[in-house]
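What follows draws every value from the coordinates through simple rules; no lab data is involved. Since this is a predicted model, take the numbers as computed values, not measurements. Cβ: placed from backbone, ideal geometry, glycine included. Neighbour counts: every protein chain shown.
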C-alpha cells in the first residue's frame, strides 16, 4: 500500500486538550503484588481512576463510570508516576512497610526495557493531559486516549525509541499497516534521557 510520511517534531502540536491537573495532593495507599500495585480501598480506587483513568478496576473491562465497587490494579509505571506526584504510597505485601520511590524505580527497571526512556514519554504525555495505557495488545509501547477508555477509542499508538536506535522501512510499514487496520495513528516518540526531551514523529497513510 503506498504511503505518505509526515514528520512532526513539535510535541505540543498534536495535543488537542489539556486535562485538568491532578487536584489536591492526597496520597492513597496501595500494595505491591509482583508487577502491579493494588488499591484495595474502594474510595481510593474510584478517586485515582477518576483523576486520570489510571489502572483498571478488577474484573471490569471498561467501566462506564467512576462508581465501581472493585479494587484498582495499577501497572508499575502508573504507580511510579503517581508516587512521584505524591498521590500514592505503596507498601510491601509481605511486611506492609512503605516502599520508597527509589525502590519502585529499581523494580520498574527490571520489568520494562529502557524504562527511563519510556517513563519520560509516559510522563510527558500525562502532563499534556492525555490518558496513557499499555499498548501491548497493539504491539506497541502505549495506546493514548484524548478522553479515556470507555469514552473514546485510543486514536494514537506510540512506540518509544532512543536517539540512535535503528528504524527500518519494513518496521515502519508493518506497524503502520497495523495502526491503519485498527484506525489509529502510528507515532514514534524519540526519548532523549540525557536532554530530558521527547520528539514525536507521526505517520499518515494514504491510499493511492
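So what's the gap between the Cα centers of segment 134-156 and segment 45-122, to the nearest angstrom?
Result: 17 Å between the Cα centres.
Report the Stokes-Einstein translational diffusion coefficient (µm² s⁻¹, integer) for segment 76-134, Rh taken as the Kirkwood radius over Cα pairs, at 37 °C with viscosity 0.692 mPa s.
271
Run the simple label-point estimate for residue 152 and residue 197 please: 7 Å along Cα→C-beta, distance reported in nm.
2.8
Pull out the extension gain between residue 42 and residue 69, defined as 0.36 nm times the separation in residues minus the alpha carbon to alpha carbon distance; nm, one decimal.
9.1 nm
How large is the translational diffusion coefficient of segment 35-95 in µm² per second when you combine the Kirkwood radius over alpha carbon pairs with Stokes-Einstein at 4 °C and 1.567 mPa s?
111
Just to verify a number: FRET efficiency for residue 166 and residue 100, C-beta to C-beta distance, R0 = 30 Å, to 0.05?
Numbers: r = 36 Å, r/R0 = 1.21.
Result of the calculation: an efficiency of 0.25.
I'd like the projected area of segment 56-208, averaged over all directions, using the convex hull of its alpha carbons. Report it in nm² with one decimal.
Working: hull surface 44.1 nm².
With every direction weighted equally, the projected area is 11.0 nm².
Please compute the modelled spin-label separation between residue 29 and residue 61, points set 7 Å along Cα→Cβ, answer in nm with one decimal.
3.4
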